[in-house]
Amino acid sequence: MANFDELINSNENVLVDFYATWCGPCQTLIPILEDLKEELGERIRIVKIDVDRHQETASKMGVRGVPSLFFYKKGVLIKSSSGVLAKHEIKSIFSI
């Protein structure tokens, strides 16, 4: 993913979701992230990365399981997490 570094180094709140199509918890996270994006609009960018299609990027980021979430604020990694989080938990990480 050539523009991965560009995405995470933007001046935005960026949530990177490493997922797999076969992963049950990843499927659970889909409506949560869709609802979050609908609610927050331009205040957050959500980037979804399929670990099966982008193994090198997942490996570079140290992804060991899915879903894995990485939270960036103005280009700085502020938190990483594995598993499903509720919408309010994600909002509180970004202080939105």
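The values are calculated or read from the model by the stated rules, or taken from the named source; none is laboratory data. Keep in mind that what you see is a predicted model, and the values were worked out from it rather than measured. So basically every Cβ, Gly included, is an ideal-geometry build from the backbone, and we count neighbours across all protein chains shown.
The residues of the stretch 55-72 that are among the aliphatic types (A, V, I, L, M), out of contact with any helix residue (DSSP H, G or I) (no Cβ under 6 Å at 6 or more places or on another chain) and under 14 Å from L29 (Cβ atoms) amount to a single one, L69. Criterion applied to I8, I30, I49 was being more than 19 Å from A86 (Cα to Cα) and out of contact with any helix residue (DSSP H, G or I) (no Cβ under 8 Å at 6 or more places or on another chain), and the one residue passing it is I8.
Across the stretch 32-50, the qualifying residues are those that are in contact with an Asp or Glu (Cβ under 9 Å, 6 or more places away or on another chain) and surrounded by 14 or more Cβ atoms within 10 Å (Cβ to Cβ), and the one among them that is nearest to R64 (Cα to Cα) is I49. Filtering the stretch 61-96 to residues that are surrounded by 13 or more Cβ atoms within 10 Å (Cβ to Cβ) and of a type in the set (S, T, Y) leaves S68, Y72, S80, S81, S82.
Where residues in the stretch 1-31 are at pLDDT 95 or above and surrounded by fewer than 16 Cβ atoms within 10 Å (Cβ to Cβ), which of them is nearest to S68 (Cα to Cα)? Looking at residues that are at pLDDT 95 or above and surrounded by fewer than 16 Cβ atoms within 10 Å (Cβ to Cβ), I get P25. Scanning the stretch 51-76 for residues that are closer than 23 Å to E89 by Cβ and out of contact with any Phe, Trp or Tyr (no Cβ under 6 Å at 6 or more places or on another chain) returns M61, G62, R64, G65, L69, F70, F71, Y72, K73, K74, G75, V76.
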